There are 2 protein chains.
Amino acid sequence: MEDAVILLSGGMDSGVLLAWAKERYREIHALTFNYGSKHAGRETAMACRLAQHYGVTFFLAELPFVRELFRSSLLAGGPDVPDGPYQTDGISSTVVPFRNGIMLSVAVGYAETLGATRVLIASHTGDHPIYPDCTPDFTEAMSRAAFYGTFSGVRVEAPFSGYDKRRIAQTGRSLGFDFTMTWSCYRGGDLHCGTCPTCLERKEALGYNEGLDPTRYLA
Amino acid sequence: MEDAVILLSGGMDSGVLLAWAKERYREIHALTFNYGSKHAGRETAMACRLAQHYGVTFFLAELPFVRELFRSSLLAGGPDVPDGPYQTDGISSTVVPFRNGIMLSVAVGYAETLGATRVLIASHTGDHPIYPDCTPDFTEAMSRAAFYGTFSGVRVEAPFSGYDKRRIAQTGRSLGFDFTMTWSCYRGGDLHCGTCPTCLERKEALGYNEGLDPTRYLA
């Protein structure tokens, strides 16, 4: 069995990926980033709790330059996060440019230092049309860069690349995963707002309309 | 003509690349990193001076997590930098794992924000055998990841990929480049030490034995 570094945001996708990976890797090291997003406090607290719950190491890396270099409605000080599902116009304002490239690169260096051979990311089919750095082509190219760019030949894997978010939710349930230990809302209030793109996506995936979603929403 | 982001360390390779790029790109944006290396102060000051000299924007990005996550003799607090040329055993202790992957990823996100379509890095043939994240295979894979992972299809280029360091020095001379505006020494004292791997490499490239090297060395 190999060791792995996992990108753990505190959201439901990477949370389920952690539960999934626990059965497949020897040691797991969770890496969480604070890039100054509006929901950073909520998300990173959840990530730390998840890491504790699953008994894996946890490291929070600060990316102070992101807020200065990049413009995105996801970032504190940026424009407001829009309402509505992901398909609406203007949603690309929530993109932090090449965010997964940056986080994966740090994770690859961390893996090389630790002697871990795998870096895991929870990209899924729902991300592909919106975020170019969630596509299989991107992940495959990053994996090649990681392989060539490290002595130990680290590889990047996206085990949920062929899953939609509903299937991730089902996978989580089959692993006994507690979804209240995760945070999705881009607005980062006390409760999930229930109307931003990622809340709508979460409701759909967790079966809110069927009464299966344990999340408390504002609306 | 396109705009470009350049990784500018303050060393001679990226300095010459900046002079080279000035004639080929419209606007150039220099990106410099402080990852806690022993020679950070020296190098970043030179990078800032070079950017001013060539009239390009300058941004210094802090990577505070590198010192905590990675082990390398290049980092303050790490083991001593060894003497001797790059080929000696133990020189891989100067590797900061996947450093170019991390810096290029930030540069790609920055380029996407600026509307620049190229990211330039000064990798050359002398780097290839020592640092896996300087090889053409690595750069090509990163370029694919950048292309797939951005809306604007950013590309990574290493124009000096086929050059050795002597040819970079010659290129610099033909462009009227002032090599005293650059810093190489890993030890980061008041003068170049003259004995660490990168000083020996610098001496050879700039023609120290032929009396062509304008650098002042301790030894």
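Remarks
- Where a residue in the stretch A:59-71 is within 16 Å of B:LEU69 (Cβ to Cβ) and at the interface with chain B (Cβ under 8 Å from one of its Cβ atoms) and its partner, wherever it lies, is surrounded by fewer than 19 Cβ atoms within 10 Å (Cβ to Cβ) and of a type outside the set (Lys, Arg), with Cβ under 6 Å and at least six apart: A:GLU62/A:ASN34; A:GLU62/B:PRO64; A:PRO64/B:GLU62
- The stretch A:130-142, subset assigned to a loop (DSSP other than H, G, I, E, B) and within 19 Å of A:MET12 (Cβ to Cβ), residue farthest from the chain's Cα centre (by Cα): A:ILE130
Yes/no matrix, rows are residues, columns are (1) within 15 Å of the chain's Cα centre (by Cα); (2) crowded, with 16+ Cβ neighbours inside 10 Å; (3) within 30 Å of B:MET142 (Cβ to Cβ):
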| site | (1), (2), (3) |
| --- | --- |
| A:GLY149 | no, yes, yes |
| A:GLY153 | no, no, yes |
| A:SER184 | yes, yes, no |
| A:GLU210 | no, no, no |
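- Some residue of the stretch B:143-162 being more than 29 Å from A:GLY115 (Cβ to Cβ), more than 11 Å from chain A (Cβ to nearest Cβ), outside any loop (DSSP other than H, G, I, E, B) and in contact (Cβ under 8 Å) with a residue 40 or more places away in the chain: no
- Filtered residues of the stretch B:147-186 (kept if of a type in the set (D, E, K, R), touching a Ser or Thr at 6+ places or on another chain (Cβ under 6 Å) and either closer than 15 Å to B:GLY207 by Cα or at pLDDT below 95 (or both)): B:ASP164
- Listed by position, the helices (runs of 4 or more DSSP H) inside the stretch B:9-123 whose residues that are under 17 Å from the mean Cα position of the chain (by Cα) and at pLDDT 95 or above number at least 3 are B:12-22, B:40-54, B:99-114.
The values are calculated or read from the model by the stated rules, or taken from the named source; none is laboratory data. Please read these numbers as outputs of a predicted model, since none were measured by experiment. A quick note on method: Cβ atoms are made from the backbone with ideal geometry, for glycine too, and the neighbour counts reach across all protein chains shown.
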